[in-house]
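Have a look at the structure below, then the notes.
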Amino acid sequence: SDAEILQVRKKQTPAQPQSSGTAVETGRQTFKSGHTKPLKFRRHQLEQLWRLLDENVELLSEALYKDLRKSNHETVIGEIIPSKEEINDALKHLDEWAKDEYVKPSLVNQIGTKCLVRKEPKGSTLIISPWNYPLFLTIGPLVGAIAAGCTAVIKPSEVAPHSAKVMSELFLRYLDSRAYIVINGAAHETTKLLEHKWDHIFYTGNGSIAKIIMKAASQHLTSLTLELGGKSPAIIDENTNIKIAAKRIAFGKSFNAGQTCVAPDYLLMTEKVEEKFMPALKEALEGMFGTNPQKSPDYGRVVNHRHYQRLTKVLNENQSGEIVIGGQTDEKDLYIAPTVVSNVDREDKLMEDEIFGPILPVIRVADIDDAIEYINSKDDSLALYVFTSNNKLAKKVLDSTRSGGVVINDTLMHVAEGALPFGGIGPSGMGSYHGKKSFDAFTHERSTMIKNVNPVGEALMAVRYAPYNTTNLRV
Ligand code: NAD
C-alpha cells in the first residue's frame with residue numbers, strides 16, 4: 001500500500017550523489033549481484049518512478065519552465081503524461097515481455113529438444129539524454145532499462161540544468177540508488193563515462209555527438225541505440241482539409257518552440273496550395289498565441305543564447321524566400337516568433353541542417369513527384385508528414401521515400417503511441433524504443449537449447465558423427 005511504501009522510504013537513509021567512476025562500479029556490481037533481475041524489484045522501481053512523476057508535477061514543471069519557458073500544460077502533455085504512459089505499459093505487460101519464448105524446433109532437432117528464447121537484461125547500461133524534452137527523453141529509456149532488469153547510469157543534458165538537478169534529486173529519493181544513478185555534467189563528464197565498458201549505451205541527441213558515442217562504444221564492442229534527428233519534411237497536398245492541416249502543422253512546429261526532434265522541419269507544396277494554406281496557417285498560429293506570441297504564456301523560448309544565435313544566423317543568412325509570418329526576435333528574452341519563410345531556394349542555408357527551432361521554410365514544388373525527388377535528395381529523416389485525403393498519393397509517398405516514422409494527416413502524434421516503435425533510419429538513428437521496444441532495447445535474447453540424452457534421438461542423429469557414410473546421405 002502507499003502507506004507502507006512511505007514508511008519504507010522514511011526508513012531509507014538518503015543516498016549521496018556519486019562520482020562517475022564510483023557510479024559505474026556501483027551499477028556494475030549491483031547488476032552482477034542479481035539485485036535488479038527479479039520482476040518484483042523491476043515492478044516496484046517502475047511504480048516508484050510513476051509516483052515520482054505523480055507527486056512532483058509542480059517541481060518538475062517549475063524546472064522545465066526555467067529551462068525552456070515550457071508552460072505547465074506542455075510539461076504535462078509532452079513530458080509527464082507520455083512518461084507515465086510508458087510506465088503503465090511496462091507494468092501492464094512486464095510478465096508477458098519477460099517470459100521465456102518457446103519456439104518449435106526444426107527437423108534437425110525434433111527429437112528430445114526444447115528451444116526457447118530467454119529475455120535476459122543486457123547488464124549495466126548508460127543513458128545519455130538531451131535538453132529539449134529533458135524528462136520524457138530520460139524517463140522513456142529508463143523505463144526500458146528497469147523493465148529489462150538492467151542497471152543504468154543516467155547522464156541528463158547540461159543544457160537543461162534545472163531539469164537535470166531536479167531529476168538527480170528525485171531519482172535519489174524514489175529509486176534504488178545502487179541501480180539507477182544520475183551523473184550530471186557536460187562533454188568532459190560524458191567523455192569520462194564513455195571510457196568505461198558498458199553493456200548497452202542509449203543516446204538521444206544530435207548526429208555529430210552520436211559519432212563520438214559510436215566511436216567510444218566500438219572500443220568495447222558495446223551495443224547502441226541512437227535516437228537522433230534530421231530534417232523532417234511535411235507535404236501538403238491540394239486534396240486535404242487545409243484548415244485542419246494548418247492547425248496540425250502550427251501545433252507540430254510551435255510545440256516547445258519548434259525544439260522537437262520530429263517537428264516538421266520544412267513544408268513542400270505547390271504555389272496554388274500555398275495561396276490557400278498560408279492564410280490558414282497564420283490564422284491557426286494567431287488562434288493559438290494571439291497576434292504577439294511573445295506575450296502568450298503558452299509559447300516557449302529558445303533554450304539558450306548559443307541556440308538563439310544559431311537560429312537567427314540561419315534566418316539572416318537565408319538568401320532566398322520571404323518571411324510571410326512572424327520574423328520578430330528578441331535576444332534578451334530568447335524569443336523567436338513562429339516564423340514562416342515562403343518560396344525558399346532548395347540550396348538555401350535554411351535547407352542545410354535540422355532547424356530545431358520555430359522557423360519553417362516552404363519549398364515550392366511542381367507536383368508530388370518533384371516533392372518525392374527532393375525528399376530523396378536529402379538524408380533519411382526521423383519523421384515524414386503527408387497531408388492528403390488521396391490514399392493513392394499517400395501510398396505513393398510511403399512506397400517511394402524512407403524515414404524513421406511517418407504520419408499521414410498529423411504531426412508528432414506517433415511519438416505518443418507506445419504500440420509503434422520510435423526510432424530513425426541511417427543518419428536519423430539506429431534502433432527504436434517505446435512500449436515493448438524499450439524493453440527489447442535493453443534485453444539480450446538468449447537462444448537456449450535443451451537436449452535430452454535419449455538413445456533414440458542419439459541414433460537418429462548418428463549421421464553427424466565420423467566416419468561418414470556418404471551412401472546414406474540424402475540432400
Ligand atoms: P545536447 O546538447 O543536450 O546533447 C545530448 C547529450 O550529449 C547531452 O547529454 C550532452 O551532455 C552530451 N554531449 C555533449 N557533448 C558531448 C561530447 N563531446 N561527448 C559526449 N557527449 C556529449 O542535445 P542536442 O544534441 O542539442 O539535442 C538536439 C538533437 O537531438 C537534435 O538533433 C534532435 O533532433 C535530436 N533529438 C532526437 C530525439 C529522438 O528521440 N530521436 C529526441 C530529442 C532530440
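The values are calculated or read from the model by the stated rules, or taken from the named source; none is laboratory data. On a predicted model such as this, the values are computed, not experimentally measured, just so you know. Because the Cβ atoms are built from the backbone with ideal geometry, glycine has one as well, and the counts that use them run over all protein chains shown.
What to note about this one:
- Residue count for the stretch 267-283 satisfying the condition of being assigned to a helix (DSSP H, G or I), under 31 Å from the mean Cα position of the chain (by Cα) and within 23 Å of residue 378 (Cβ to Cβ): 2.
- Criterion violated by residue 305 - all others in (1) free of Cβ contacts under 8 Å to residues at least 60 places away in the same chain; (2) of a type outside the set (Phe, Trp, Tyr); (3) within 16 Å of the ligand (Cβ to nearest atom); (4) out of contact with any helix residue (DSSP H, G or I) (no Cβ under 8 Å at 6 or more places or on another chain) satisfied: (4)
- Selection from the stretch 317-347 of residues that are at pLDDT 95 or above, surrounded by fewer than 18 Cβ atoms within 10 Å (Cβ to Cβ) and over 24 Å from residue 248 (Cβ atoms): 330, 331, 332, 333, 345, 346
- Any chance residue 86 is in a helix (DSSP H, G or I) and under 28 Å from residue 199 (Cβ atoms): yes
- As for the stretch 423-446, it holds at least one residue that is surrounded by fewer than 12 Cβ atoms within 10 Å (Cβ to Cβ), more than 28 Å from residue 251 (Cβ to Cβ) and not small (Gly, Ala, Ser).
- Sole residue being out of contact with any strand residue (DSSP E or B) (no Cβ under 9 Å at 6 or more places or on another chain) and within 9 Å of the ligand (Cβ to nearest atom), chosen from 166, 159: 159
- Of the strands (runs of 3 or more DSSP E) contained entirely in the stretch 357-475, those carrying at least 1 residues that are at pLDDT 95 or above and closer than 30 Å to residue 119 by Cβ fall at 381-387, 403-408, 443-451.
Each row is one residue, and each column tells you yes or no for (1) touching a strand residue (DSSP E or B) at 6+ places or on another chain (Cβ under 9 Å); (2) within 16 Å of the ligand (Cβ to nearest atom); (3) more than 22 Å from residue 330 (Cβ to Cβ); (4) not basic (Lys, Arg).
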{"position": "259", "(1), (2), (3), (4)": "no, yes, no, yes"}
{"position": "268", "(1), (2), (3), (4)": "yes, no, yes, yes"}
{"position": "272", "(1), (2), (3), (4)": "no, no, yes, no"}
{"position": "284", "(1), (2), (3), (4)": "no, no, yes, yes"}
{"position": "294", "(1), (2), (3), (4)": "yes, no, no, yes"}
{"position": "299", "(1), (2), (3), (4)": "yes, no, no, yes"}
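- Hey, residue 188 within 16 Å of the ligand (Cβ to nearest atom), farther than 18 Å from residue 339 by Cβ and surrounded by fewer than 18 Cβ atoms within 10 Å (Cβ to Cβ) or not: yes
- Subset of the stretch 68-114 (residues that are among the small types (Gly, Ala, Ser) and at positive phi): 112
- Residue 129 meets each of the listed conditions (1) of a type in the set (Ser, Thr, Tyr); (2) more than 16 Å from the ligand (Cβ to nearest atom); (3) touching a residue at least 60 places away in the same chain (Cβ under 8 Å) apart from (2).
- Those residues of the stretch 376-396 which are surrounded by fewer than 23 Cβ atoms within 10 Å (Cβ to Cβ) and of a type outside the set (Asp, Glu), in sequence order: 376, 377, 378, 388, 389, 390, 391, 392, 393, 394, 395, 396
- Residue match in the stretch 216-228 (condition: more than 21 Å from residue 437 (Cα to Cα), near the ligand (Cβ under 10 Å from one of its atoms) and free of Cβ contacts under 8 Å to residues at least 40 places away in the same chain): yes
- Selected residue (criterion: farthest from residue 210 (Cα to Cα)) from residues of the stretch 136-148 that are in contact (Cβ under 8 Å) with a residue 60 or more places away in the chain and within 12 Å of the ligand (Cβ to nearest atom): 140
- Subset of the stretch 288-297 that is in contact (Cβ under 8 Å) with a residue 24 or more places away in the chain and part of a helix (DSSP H, G or I) - its residue that is surrounded by the most Cβ atoms within 10 Å (Cβ to Cβ): 293
- Yes/no for residue 151 being over 30 Å from residue 456 (Cβ atoms), more than 16 Å from the ligand (Cβ to nearest atom) and surrounded by 24 or more Cβ atoms within 10 Å (Cβ to Cβ): yes
- Of all residue pairs spaced 6 or more apart or on separate chains, those with beta-carbon atoms under 7 Å, a first member in the stretch 201-214 that is under 16 Å from residue 259 (Cβ atoms) and of a type in the set (Val, Ile, Thr) and a second member that is in a helix (DSSP H, G or I) and near the ligand (Cβ under 10 Å from one of its atoms) are 204/137.
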